[in-house]
Amino acid sequence: MAISASHLMGGAPLWLWLVFHAVVFSLLGVDFLLTRGTLPQRAIALRCYWLTAVWIAVALLFALLVYRTLSPHYALEYLTGYGIEEALSIDNLFVFLLLFRVFGLDTARQRRLLFLGVLGAIVMRAIMIFAGIRLLSAFAWMNYIFGGILLYTAWHLLRKPRIRQSATPGWIGWLSRRLPMTGKEHGERFLIREQGRFRFTPLFLALLAIELTDLIFATDSIPAVLAVSHHPFIVYSSNIFAIVGLRSLYFTLATALDRLHKLRYGLAVILTFVGAKMMLAHVVTVPIGISLAVLGLAVGATSIWSLLSKQASAG
């Protein structure tokens, strides 16, 4: 049986895949060049503000291309998937903040680690997305598995305490005992030769922690987007657009993360909604517009709640 080119390209034309990757990697290059070096912290922060705005603007403009190339429905699915992934990515930032505090990394090394982390995340997300779509296509009961993961994550978000500056995740200590490590810092090097043996530096352990963190979060966020769409290109492009802008978003929100302490309640609402939607897909069909509205209200309301509660406690 012949396989169509459209099927091989995940239901989207080849030129759309090429345009998407050209845009993503071009902007990643610009992002890296504009935030490298030893610029003053204020200059880096200002550039990250602009880069975050550019990433979001390009991601939203890409929805118009999806609208014209595929359909208005797929454009809405893309926007909803992008919004869910962007919102859930903010929870990643809290963990990145903790990891950087634990490892005592300066801003320059934080920027390098996040750039490498984004490149690794693109590869991991692509593998997980296409594997997830194949599983859902082959086994309908996987909807219950993915939905259950989302509901469990929502429950966990409601239970977890706020991040403590001094908290050191136990798995970091476990990794450091299992890997051949050097106890000294060696600038931006990941591997050194010490006493005739190759050893990993603490910076490599930090990079590994970043990649493992993204892998853990991907097990939640990818099922959330799959609850919105099963179209390979829509799921992939919305997910990757949110991930690649994470580096500049971190430095944009770094000083505000501690103030968004109520946001986890909004993320729990989103995960509960999409988890229930996934598990009840054979009974109830939720319009994509409602999903987009729930996403916006949950993030907006809990962000405002966070800021108002901080102001009240300060007053």
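A few remarks follow.
The rows are residues; the columns are (1) assigned to a helix (DSSP H, G or I); (2) at pLDDT below 90; (3) within 23 Å of ILE133 (Cβ to Cβ).
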| position | (1), (2), (3) |
| --- | --- |
| LEU18 | yes, no, yes |
| HIS21 | yes, no, yes |
| VAL24 | yes, no, yes |
| LEU28 | yes, yes, no |
| GLY37 | no, yes, no |
| ILE44 | yes, yes, no |
| CYS48 | yes, yes, no |
| LEU51 | yes, yes, no |
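- Matching option when the condition is surrounded by fewer than 20 Cβ atoms within 10 Å (Cβ to Cβ), of a type in the set (A, V, I, L, M, F, W, C), under 21 Å from the mean Cα position of the chain (by Cα) and closer than 25 Å to ALA224 by Cβ, among LEU79, LEU28, LEU88, LEU64: LEU28
- Taking every residue in the stretch 13-25 that is touching a residue at least 24 places away in the same chain (Cβ under 8 Å) and pairing it with any residue that is among the small types (Gly, Ala, Ser), at least 6 positions away or on another chain, the pairs with Cβ-Cβ distances below 9 Å are PRO13/ALA5; PRO13/SER6; LEU16/SER237; TRP17/GLY10; TRP17/SER237; PHE20/ALA12; PHE20/SER237; VAL24/SER237.
- Taking first residues from the stretch 244-257 that are at pLDDT below 80 and partners that are of a type in the set (D, E, K, R), no Cβ contact under 6 Å between residues at least 6 apart in sequence or on separate chains turns up.
- The residue list TYR74, TYR78 contains one member that is farther than 26 Å from GLY120 by Cα, in contact with a Ser or Thr (Cβ under 9 Å, 6 or more places away or on another chain), at pLDDT 80 or above and not polar (S, T, N, Q), which is TYR74.
- Selection over the stretch 258-278 of residues that are surrounded by fewer than 19 Cβ atoms within 10 Å (Cβ to Cβ) and either at pLDDT 75 or above or in a helix (DSSP H, G or I) (or both) gives a count of 5.
- Check on THR219, polar (S, T, N, Q), closer than 18 Å to LEU93 by Cα and either touching a helix residue (DSSP H, G or I) at 6+ places or on another chain (Cβ under 7 Å) or surrounded by fewer than 22 Cβ atoms within 10 Å (Cβ to Cβ) (or both): yes
- Selection of first residues in the stretch 196-219 that are in contact (Cβ under 8 Å) with a residue 24 or more places away in the chain and part of a helix (DSSP H, G or I) and of second residues that are surrounded by fewer than 19 Cβ atoms within 10 Å (Cβ to Cβ) and hydroxyl-bearing (Ser, Thr, Tyr), restricted to Cβ pairs under 9 Å at least 6 apart or on distinct chains, gives the following pairs, ordered by first then second residue: PRO202/SER176; LEU205/SER176.
Condition check ((1) closer than 18 Å to THR219 by Cβ; (2) surrounded by 14 or more Cβ atoms within 10 Å (Cβ to Cβ); (3) modelled with pLDDT under 70) across all residues:
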position: PHE100; (1), (2), (3): no, yes, no
position: THR107; (1), (2), (3): no, yes, no
position: ARG134; (1), (2), (3): yes, no, no
position: LEU151; (1), (2), (3): yes, yes, no
position: ALA154; (1), (2), (3): yes, yes, no
position: ALA167; (1), (2), (3): no, no, yes
position: GLY183; (1), (2), (3): no, no, yes
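- In the stretch 294-307, the residues that are surrounded by fewer than 18 Cβ atoms within 10 Å (Cβ to Cβ) reach residues that are assigned to a helix (DSSP H, G or I) and among the charged types (D, E, K, R) with C-beta atoms within less than 9 angstrom, at least six apart or across chains, in these pairs: LEU307/ARG259.
The values are calculated or read from the model by the stated rules, or taken from the named source; none is laboratory data. In this text the structure is predicted, and so the values were computed from the model without any measurement. Methodologically, a virtual Cβ is constructed for each residue, glycine included, from the backbone with ideal geometry; neighbour enumeration extends over all protein chains shown.
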